[in-house]
Amino acid sequence: MKIIKTTKKQLLALCGMATFAFGSLSAAEYPTAEVNTTGLAVTDDTVTVGQLHSITGTMAISETGSVEAERLAIKQINEMGGVLGRQIEIIQEDGASDWPTFAEKARKLIINDKVAAVFGCWTSASRKAVLPIFERHNNMLYYPTFYEGLEASKNVVYTGQEATQQIIWGLDWAYEELGARTFYLIGSDYIWPRTSMKIARTHIEQVLKKKDPSCEVVGEEYYALGHTNFRSLINKVRLRKPDLMFTAVVGGSNVAWYRQLRSAGVTAKNYPMLTISTTEDELLGIGGENAEGFYASMKYFQSLDNPENEAFVKEFKEMWGEDSVIGDVTQAAYLGPWIWKAAVEKAGSFDIDKIHLAHPGIELDAPEGYVRVHDTNQHLWSKAKIGRILKNGQFEVVAVSDELIEPDPFPEGYQ
Amino acid sequence: MNSLKDYTDPSFSKLLYQRLFANKEALVGFLILTALLLLVLPLFLSPFRLGLAGRYLCYAFVAVGLVMCWGKAGILSLGQGMFFGAGGYCMAMFLKLEASDPESTAIQTTPGIPDFMDWNQVTELPWFWMPFKSFPLTVLLILVVPLVLAFVMSFFYFKGRVTGVVFAILTQSMVACLWYFIVGNQGYFGGINGITDLKTLNGWDIREDSSQRILYFICSLLLLACILLSRYILSSRLGRVLVAQRDMENRVRFSGYNITSFKVFVFCFAAVISSIGGALFTLQVGFMSPNLIGVVPSIDMVIFTAVGGRESLLGAVYGALAVSYAKTIFSEAYPNLWMFFYGGVFIAIVLFLPKGLAGLYQDNIKVWVKNWMRKPETDPESLKIKESEVNNVE
Amino acid sequence: MGDYTIQEIYSVVVMQSFSGLSLLCIFVLMGLGLYIIFGQMGVINMAHAEFLVMGSYTMCLFSKFISANFPWMMNYYIILAVPLSFAVAFGVGYLVEWLLISRLYKRALDTLLATWGLSLIFQQCFRSFIGAREISADLPDWLMGTWMPTDSIFIPVNGLVLLALTIAITVGLVLFMTKSRLGLRMRATTQNREMSNALGVNTKMTDRLTFALACGISGIAGAFFTTMASTSPTAGTNYIVDSFLVLVLGGLGSLLGLFISAAFLGILSSVLEFFMSGSLAKVWLYLIIFVVLMKFTRGLFSARIRT
């Protein structure tokens, strides 16, 4: 990826030949004793980082993409000369879709292996399980998933969207473009969908209602993860006839949900849906033809048309196979190592406290477009996008927000 | 044995000794385990590994409970996770309340309540959280909640003579039901994330290495105490009836025993032990979540017992330690092979080692030990005693 | 619900009843394999759900194969996929009985553990050899369509196919048990194993075939479940608890009991799900079953007393 720029100035340095000048920062300029004062696993020519995802268990399906993206980013960084002249080495641990295991492995990575940073976690539950360990032992986690917000730890960089970024602009878009006035909120039963729906409900009832008094939420439902029978729900939806189904159904339930919708004759034509949970990864299992025409609010789609994304998709497929697809989270995971590299080089040190201070203002021309780390909460400013699901399991991008949207994990008035 | 005199009577302590340790071998076995838990592991393991061992020992509580109700009384429960969770959640609720004092939760809409309640628009502490403001009450509830649950769950079924696989399936459904209950009541129990970020117990920081070490010792001592208590029960008439009804239920019933109450008792006993394990687990891990107590973990708990030997209390501890340790090591090195290996262990134990590690010891090692000991012994009289002792082992 | 017209409420009641009926079929198909095995040899097969998943995988892979090589067959391949799923599950079931289950008769609780181990191995096989990702079958359009008897009633075609399939399997099974030689031998073995053996029935082979047959039926059920839900290595965990409960509630020993309990569960869950949100509906469903079983400890309909 030749598009990395830690500051605007370095953009110039990075173009073309200059990449090598930057990439060849030799380790000698940064003696180990100076760049590593807290005893992390940094030697004169290597630096060790941890990767903590589920390789086994139910979450393995979702987390594989993130593992692959992080590996790709690290490989590219190493090819460019590494971080502060040091090649990155990875210790990979398996969280096994089990939260105590995540905590245990995080402890191992940080205490035993003394890694310089950890890229990992996917579900909110796993993040919540490891967070106290990161805070206590002062290490840095790069967390890729779009999530519920309500958190801004100085030991976590959130490379996915937090809930308000994903939801508010999407709902406004549906209000304007689809003319949606009545909403049915549907989600899997855990913290992320519930918080998201809370934000959605508040936005509909407080903001949209002021524009048009007929705006209302006509139903709100949650189903346990792994639930596969949605017929009753579909009948309820039919009875209430919402203008828009706003959904956050995840995991194995997704396939059942879309298939049963289709076979019950609920299609995008008569019942539009805006989802915040279905990415290209899920569509692989669902089958594009079963979800055709529904909308998704994300910050990245594989079909985005820009040179950075083209290069990214090409290299990803070269490394992981022509059949692989790239979803929102996979792209966000790809950003993790790059942001870490930028922060380390800006700080001139691997020390966690210095990296933390270096994070604000780091900019990237990422596959999703330009992003910037927020000044206070270590989330990313990014553009929201709406995609329409196509038959082949890809998205057609139908709308992109004009402005970067500010991450606001503790939204006033929405809590 | 009502007066104090009886307790000070030397013959009482002898009697107690006899009831706890049927013979020397049982005593030696117990002492070896004590030494292992209290000396060997703490001396040789790094703080990180010792912390892991402490967690495995929590599962050993459940395994000991299962020896009592499955091995000894023939009641297989696939739902022990429910009781493990009962204790774990009680403890977690207490710790969470302590961690959610108004200062540290000032950022919330309603300060002073647990963070997940605030995220779910709960604005005041629900009534069933109130008891968890007090530590003594919490300890009491850790014992009482599983007792009540186990009683309600088992009484009607045992009375209706539900046995064997049907009861196993019912307990499995119950643990599934509890899982859905917790997941569905996110505002009250934290949902699928569980109750996380627990910090202190009465002001004592449970996350320090030193406190983890202390917790490890508390855990070991309580486990040893539970084993002794179980031994005591087994050596009583109650214990003999339990074993008898396992092997010949109708005959015991016709002899005039009320089998239902015996079964309910042992089921409740196992439940309470598991709950203690759960509470200690929460203290050592620092959180509790429904995925620790669902259908699959509950079956895992049965395999600890099966590997250790379903009829051996000491075996259960070794089983829990061995399987959990293997899981950690294997899944670090070969996550894919692990599942094959784990599934294979289930099958192999059932096919070739129905008595588990304890059976392996009984059938092979013990013979060898006996032969080895026999050589120096020439006095036929002492040999005879040895033989009779050997036959006495549980 | 005052805002709705009679017409709307009528339509929803019809559709909701149909979804209850579909659930009944699903529960019957889930429980059928377990019921046959338990009835025949008193064994609880914890790997049951993996046989369902095996059928699902067969269906998925076969559909991929067809859509890649014989696209013109897409509309009809299901007719071939169903027997294929049956054959695969039957074959694996046959091997499992031969290698494992036959060594464990009369040790019901132990079989439970051994088959659980087996299910873990199966899950890992799916993961290692097919992949951890969810896959789904390419289905013909007609199967995903909707039948509309009136303007406002939408009946899923796959629900109708499910109904037909359930009836066909049940009728086939009853005919097989009552009319065929093998069925006769099965019933004889169930009633009196020693005597049948003495009279020259090869009870071992009968057991093996019964077990395999039950697995095969689960395979068909699984093949059909992919049209409604996802297929992944751990998809089976969604089925275990429910399929066991159907069996226990039905009283373990009778086909009629199985139907009664499936109907009870189907109606109950569609009513509960309509009036409350997902997870809580499930909690109430289980609680009601527990209470019912406290009263009827032998299930809703029990053909014989067991000890």
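The values are calculated or read from the model by the stated rules, or taken from the named source; none is laboratory data. These numbers were taken from a predicted model, which means no experiment stands behind them. Note: ideal-geometry Cβ built from the backbone for every residue, glycine included; neighbour counts use all protein chains shown.
Numerical summary
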{"read-out": "Listing of helices (runs of 4 or more DSSP H) fully contained in the stretch B:89-203 that carry 1 or more residues being within 14 Å of chain C (Cβ to nearest Cβ)", "value": "B:135-159, B:164-184, B:186-189"}
{"read-out": "Residue match in the stretch C:119-136 (condition: out of contact with any Asp or Glu (no Cβ under 6 Å at 6 or more places or on another chain) and over 29 Å from C:S63 (Cβ atoms))", "value": "no"}
{"read-out": "Number of the exception - C:S63 against (1) more than 23 Å from C:I240 (Cβ to Cβ); (2) touching a Cys at 6+ places or on another chain (Cβ under 7 Å)", "value": "(2)"}
{"read-out": "Some residue of the stretch C:231-242 being within 30 Å of A:T56 (Cα to Cα) and either more than 14 Å from chain A (Cβ to nearest Cβ) or in contact with an Asp or Glu (Cβ under 6 Å, 6 or more places away or on another chain) (or both)", "value": "yes"}
{"read-out": "Residue ID - farthest from B:A35 (Cα to Cα), chosen from residues in the stretch B:292-330 that are of a type in the set (S, T, N, Q) and crowded, with 24+ Cβ neighbours inside 10 Å", "value": "B:S298"}
{"read-out": "Residues located in the stretch C:34-57, provided they are of a type in the set (S, T, N, Q) and either modelled with pLDDT under 90 or in contact with a Lys or Arg (Cβ under 7 Å, 6 or more places away or on another chain) (or both)", "value": "C:Q40, C:N45"}
{"read-out": "Odd one out for B:L234 among (1) among the hydrophobic types (A, V, I, L, M, F, W, C); (2) in contact with a Phe, Trp or Tyr (Cβ under 6 Å, 6 or more places away or on another chain); (3) within 20 Å of B:G74 (Cα to Cα)", "value": "(2)"}
{"read-out": "Residue in the stretch C:184-220 that is nearest to the chain's Cα centre (by Cα), counting only those that are crowded, with 18+ Cβ neighbours inside 10 Å and among the small types (G, A, S)", "value": "C:S218"}
{"read-out": "Residues located in the stretch B:269-289, provided they are in a helix (DSSP H, G or I), closer than 23 Å to A:A96 by Cα and touching a Leu at 6+ places or on another chain (Cβ under 6 Å)", "value": "B:L283, B:Q284"}
{"read-out": "Helices (runs of 4 or more DSSP H) within the stretch B:290-356 that include 1 or more residues touching a helix residue (DSSP H, G or I) at 6+ places or on another chain (Cβ under 9 Å) and away from chain C (no Cβ under 13 Å)", "value": "B:295-308, B:313-333"}
{"read-out": "Residue that is nearest to the other protein chains (Cβ to nearest Cβ), among those in the stretch C:136-157 that are closer than 30 Å to A:G57 by Cβ and buried (at least 21 other Cβ atoms within 10 Å of the Cβ)", "value": "C:S136"}
{"read-out": "Options C:L247, C:L252; residue that is in contact with a Leu (Cβ under 6 Å, 6 or more places away or on another chain), in contact (Cβ under 8 Å) with a residue 60 or more places away in the chain and within 11 Å of another protein chain (Cβ to nearest Cβ)", "value": "C:L247"}
{"read-out": "Selected residue (criterion: farthest from B:V183 (Cα to Cα)) from residues of the stretch A:205-252 that are touching a Gly at 6+ places or on another chain (Cβ under 8 Å) and hydroxyl-bearing (S, T, Y)", "value": "A:T247"}
{"read-out": "So A:G226, is it at the interface with another protein chain (Cβ under 8 Å from one of its Cβ atoms), part of a loop (DSSP other than H, G, I, E, B), among the small types (G, A, S) and more than 27 Å from A:G65 (Cα to Cα)", "value": "no"}
{"read-out": "For A:N254: the one exception among (1) outside any loop (DSSP other than H, G, I, E, B); (2) more than 10 Å from chain C (Cβ to nearest Cβ); (3) closer than 22 Å to A:T64 by Cα", "value": "(2)"}
{"read-out": "Residue in the stretch B:280-289 that is within 14 Å of chain C (Cβ to nearest Cβ), among the aromatic types (F, W, Y) and under 26 Å from B:R213 (Cα atoms) present", "value": "no"}
{"read-out": "Search result, residues across the stretch C:67-96 that are crowded, with 21+ Cβ neighbours inside 10 Å and more than 15 Å from C:F225 (Cα to Cα)", "value": "C:Y77, C:V88, C:F90, C:G93, C:V96"}
{"read-out": "Residues of the stretch C:1-58 that turn out to be more than 15 Å from C:G216 (Cβ to Cβ), within 12 Å of chain A (Cβ to nearest Cβ), assigned to a helix (DSSP H, G or I) and not hydrophobic (A, V, I, L, M, F, W, C), as a count", "value": "9"}
{"read-out": "Cβ-Cβ under 6 Å pairs, at least 6 apart or on other chains, the stretch A:91-110 side in contact (Cβ under 8 Å) with a residue 12 or more places away in the chain and farther than 16 Å from A:M59 by Cα, far side aromatic (F, W, Y) and part of a helix (DSSP H, G or I)", "value": "none"}
{"read-out": "Residues satisfying the stated conditions in the stretch A:25-64, i.e. farther than 30 Å from A:D281 by Cβ and in a helix (DSSP H, G or I)", "value": "A:A27, A:A28, A:E29, A:T32, A:A33, A:E34, A:V35"}
{"read-out": "A:R136 vs. criteria surrounded by fewer than 24 Cβ atoms within 10 Å (Cβ to Cβ) and of a type in the set (D, E, K, R)", "value": "yes"}
{"read-out": "Cross-chain or 6+ apart pairs with Cβ under 7 Å, the stretch B:313-335 first and of a type in the set (S, T, Y), then part of a helix (DSSP H, G or I)", "value": "B:Y318/B:G308; B:Y318/B:L357; B:S324/B:Y56; B:S324/B:Y59; B:Y325/B:Y56; B:T328/B:L52; B:S331/B:W338"}
{"read-out": "Elements of type strands (runs of 3 or more DSSP E) in the stretch A:307-397, at least 3 residues being touching a residue at least 60 places away in the same chain (Cβ under 8 Å) and more than 17 Å from A:L72 (Cα to Cα)", "value": "A:385-389"}
{"read-out": "Pair list, Cβ < 9 Å and 6+ apart or interchain, from the stretch C:103-115 residues that are facing another protein chain (nearest Cβ under 7 Å) to residues that are among the polar types (S, T, N, Q) and in a loop (DSSP other than H, G, I, E, B)", "value": "C:L112/C:N45"}
{"read-out": "Any hit, the stretch B:133-154, residues being touching a Lys or Arg at 6+ places or on another chain (Cβ under 7 Å) and surrounded by fewer than 17 Cβ atoms within 10 Å (Cβ to Cβ)", "value": "no"}
{"read-out": "Residues of the stretch A:398-413 classified as touching a residue at least 60 places away in the same chain (Cβ under 8 Å), in contact with a Lys or Arg (Cβ under 6 Å, 6 or more places away or on another chain) and of a type outside the set (S, T, N, Q), total", "value": "1"}
{"read-out": "Subset of the stretch A:364-401 [more than 14 Å from every other protein chain (Cβ to nearest Cβ), under 23 Å from A:P272 (Cβ atoms) and charged (D, E, K, R)]", "value": "A:K383, A:K385, A:R388, A:E396"}
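So that you can scan it fast, the table gives a plain yes or no per residue for (1) at pLDDT below 90; (2) of a type in the set (G, A, S):
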| residue | (1), (2) |
| --- | --- |
| B:L321 | no, no |
| B:A326 | yes, yes |
| B:A333 | yes, yes |
| B:I349 | yes, no |
| B:F352 | yes, no |
| B:K366 | yes, no |
| B:N391 | yes, no |
